[in-house]
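Student: Let me give you the structure first, and then I'll get to my questions.
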Amino acid sequence: MFKNILLAFDGSAHAQKAARLAADLARQYQAALCVVHAYDPVPDYLGEPYLQEVISRRTEAAERAMEQAQALLGDLPRVETEVLEGPAAEAILRVAQVRQVDLIVMGTRGLGQLSGLLLGSQSQKVVTHAPCPVLLVR
């Protein structure tokens, strides 16, 4: 049923549960799994050396999140990762479209600063605009 699954991962408790579920689904359906982590854009006005320092911090945090995701996923034969700069929902939707995924798995609440009333603002955007089914995990 599912050949390509996208996992949106930010390290939150909900994302950790989503990672375990996505791994189970990938094993069950023998599907490829793409893990996506997006970080906020770095403002250009910072200038040097602050710009490079902020970029380094954000990429290090993204690497830690990907390591955490890999640990939660366990041993899967087909896992790819993508770390992107930009709003999370836009990054997830862009990867979903380019990779033609069959399912997006993500947590209902992330580590973002703003949250919606019922769902996290990023998950709400993904559900609204996704080209495929979205599985939200609490």
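The values are calculated or read from the model by the stated rules, or taken from the named source; none is laboratory data. The shown structure was predicted, so the numbers you read here are calculated from the model rather than taken from an experiment. With ideal geometry, Cβ positions are generated from the backbone for all residues, glycine too; neighbour counts draw on all protein chains shown. We work out accessible area using only protein heavy atoms, side chains counted, and drop any ligands, DNA or RNA first. Shrake-Rupley method; radii C 1.70, N 1.55, O 1.52, S 1.80 Å.
Student: Only residues that are open to solvent by less than 60 Å² (accessible area, probe 1.4 Å) and touching a residue at least 40 places away in the same chain (Cβ under 8 Å): list them for region 40-57, please.
Tutor: 42
Student: Can you find a residue in region 58-79 that is touching a Cys at 6+ places or on another chain (Cβ under 8 Å) and more than 19 Å from residue 132 (Cα to Cα)?
Tutor: Yes, region 58-79 contains a residue that is touching a Cys at 6+ places or on another chain (Cβ under 8 Å) and more than 19 Å from residue 132 (Cα to Cα).
Student: Of all residues being outside any loop (DSSP other than H, G, I, E, B) and among the charged types (D, E, K, R) in region 58-79, which is most open to solvent (accessible area, probe 1.4 Å)? Just the residue, please.
Tutor: Top of the filtered list is 64.
Student: Still on this structure, please answer the following. Collect the residues in region 88-103 that are surrounded by 23 or more Cβ atoms within 10 Å (Cβ to Cβ), under 10 Å from residue 36 (Cα atoms) and modelled with pLDDT of 95 or more, keeping them in residue-number order.
Tutor: 92, 96
Student: If we scan region 10-23, do we find a residue that is outside any loop (DSSP other than H, G, I, E, B) and more than 21 Å from residue 101 (Cβ to Cβ)?
Tutor: Yes, region 10-23 contains a residue that is outside any loop (DSSP other than H, G, I, E, B) and more than 21 Å from residue 101 (Cβ to Cβ).
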